[in-house]
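Have a look at the structure below, then the notes.
The values are calculated or read from the model by the stated rules, or taken from the named source; none is laboratory data. Owing to the predicted nature of the structure, the values given are computational and were not obtained by experimental measurement. Cβ atoms come from the backbone with ideal geometry, glycine included; neighbour counts cover every protein chain shown.
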Amino acid sequence: MPYAPARDARLYYEEAGSGTAIVFVHEFSGDFRSWEAQVRFFSRRYRCVAFNARGYPPSEVPPAPAQYSHVQAAADIGAVMRHLRIAKAHVIGCSMGAYASLMFGMRHPGKAISLTTVGAGAGGVLDPAKRARFLEDTEANARRFETGGLEAQAKRYRVAANRIQLENKDPRSFREFYQRFAGHSALGHANTLRGVQLRRPPLYALERDFARLKVPLLAFVGDEDESSLEPNLFIKSASPAARLMVVPATGHLVNVEEPGLFNAVTGDFLALVDSGRWRPRDSRSYNKSTMAKSR
């Protein structure tokens with residue numbers, strides 16, 4: 001099995017294709033296989049790399065929450081690239097992987113050709129009471145993984161408000177998602193919740209970083225992914241580098257729910273960047289009457 005060495009863990013990866021690299025970073029409930037529809041499509045023109053985060057077998061599962069963090073998740077992207085001698089890559093991440101991708105782009109802009117995110121910012125609420133509730137729920141979920149294991153938690157995901165869209169659209173794909181989730185590590189999930197989700201700052205705290213971001217950014221969000229809608233509107237308003245794609249009748253997993261649309265829009269975006277035709281937002285388009293802040 002191919003592994004990339006990282007701090008405190010070896011990370012399993014798979015790759016296909018050749019050319020300019022794309023690195024795919026999965027969500028909390030997924031793994032490298034969540035990107036299969038993208039790897040099959042983009043590997044015709046790109047070198048595609050998908051890896052499992054620490055805590056997700058066959059990647060190693062460090063035993064302590066302190067060995068996990070949003071900063072380390074971003075560093076792990078760099079570790080995989082370094083192992084594969086990839087100097088620069090397009091980075092595409094979903095949810096937890098979207099946050100890690102944004103961190104990587106902000107910390108290592110010279111290594112990110114572009115950033116594409118799906119469902120970024122879940123749980124990143126401004127309201128202190130709601131933020132406290134999110135942290136309480138996250139800790140409770142970590143305990144459930146420890147006491148009830150994966151099977152009990154997998155059942156909760158069957159009725160999650162931002163997951164039922166996939167089951168309604170594509171029961172076969174949802175079955176595959178459910179089966180993959182049930183094969184993960186309960187310890188890895190508990191440690192990821194405590195080390196990454198509980199400790200990472202909400203995206204709203206990164207407004208200055210978004211304003212300074214020069215890396216081309218395409219943000220996807222489903223219009224029925226309510227916990228991610230506002231954070232993505234914030235990203236669009238905060239970052240001149242950001243383009244926002246809101247996908248109708250769609251939940252959290254845009255790339256899985258609507259792979260054809262996701263691949264087509266992302267492919268056009270990557271082509272713009274690769275050809276040097278991408279441009280940041282024209283400052284003249286800011287208007288107080290819109291959602292965007294005037295500058």
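Mind telling me which of the residues Ser237, Ser228 ends up being under 18 Å from the mean Cα position of the chain (by Cα) and among the small types (Gly, Ala, Ser)?
Going through Ser237, Ser228 in turn, the sole match is Ser228.
Under 6 Å by Cβ, and 6 or more places apart or on different chains, what pairs join a residue from region 186-198 that is among the polar types (S, T, N, Q) with one that is modelled with pLDDT of 95 or more and surrounded by 20 or more Cβ atoms within 10 Å (Cβ to Cβ)?
Asn191/Gly55; Asn191/Tyr68; Thr192/Gly55; Thr192/Tyr68
Can you tell me which residue in region 211-230 is surrounded by the most Cβ atoms within 10 Å (Cβ to Cβ), limited to those that are touching a residue at least 60 places away in the same chain (Cβ under 8 Å) and hydrophobic (A, V, I, L, M, F, W, C)?
My answer is Val221.
Kindly evaluate Val71 against the criterion of being touching a helix residue (DSSP H, G or I) at 6+ places or on another chain (Cβ under 8 Å), farther than 22 Å from Val256 by Cα and part of a loop (DSSP other than H, G, I, E, B).
Judged against the criteria, Val71 is not a match.
I need a count of the residues in region 193-210 that are crowded, with 16+ Cβ neighbours inside 10 Å, within 25 Å of Arg243 (Cα to Cα) and of a type in the set (Lys, Arg).
1
Which of the numbered conditions does Ser114 fail, given that it passes all the others? Conditions: (1) at pLDDT 90 or above; (2) under 19 Å from the mean Cα position of the chain (by Cα); (3) closer than 17 Å to Phe28 by Cβ; (4) crowded, with 20+ Cβ neighbours inside 10 Å.
Every listed condition holds for Ser114 apart from (3).
Filter region 183-241 down to residues that are part of a loop (DSSP other than H, G, I, E, B), touching a Gly at 6+ places or on another chain (Cβ under 7 Å) and not aliphatic (A, V, I, L, M), then give me how many there are.
4
Test Phe174 against the criterion of being crowded, with 18+ Cβ neighbours inside 10 Å, among the aromatic types (Phe, Trp, Tyr), free of Cβ contacts under 8 Å to residues at least 24 places away in the same chain and in a helix (DSSP H, G or I), and give yes or no.
Yes, satisfied.
Do you know which residues across region 29-38 are crowded, with 21+ Cβ neighbours inside 10 Å and either within 23 Å of Ser185 (Cβ to Cβ) or among the β-branched types (Val, Ile, Thr) (or both)?
Passing the criteria: Ser29, Gly30, Asp31, Phe32, Ser34, Trp35.
Sort through Gly97, Gly55, Gly17, Gly78 and tell me the only one that's more than 28 Å from Thr138 (Cα to Cα) and either crowded, with 24+ Cβ neighbours inside 10 Å or touching a residue at least 24 places away in the same chain (Cβ under 8 Å) (or both).
Within the list Gly97, Gly55, Gly17, Gly78, the selection yields Gly17.
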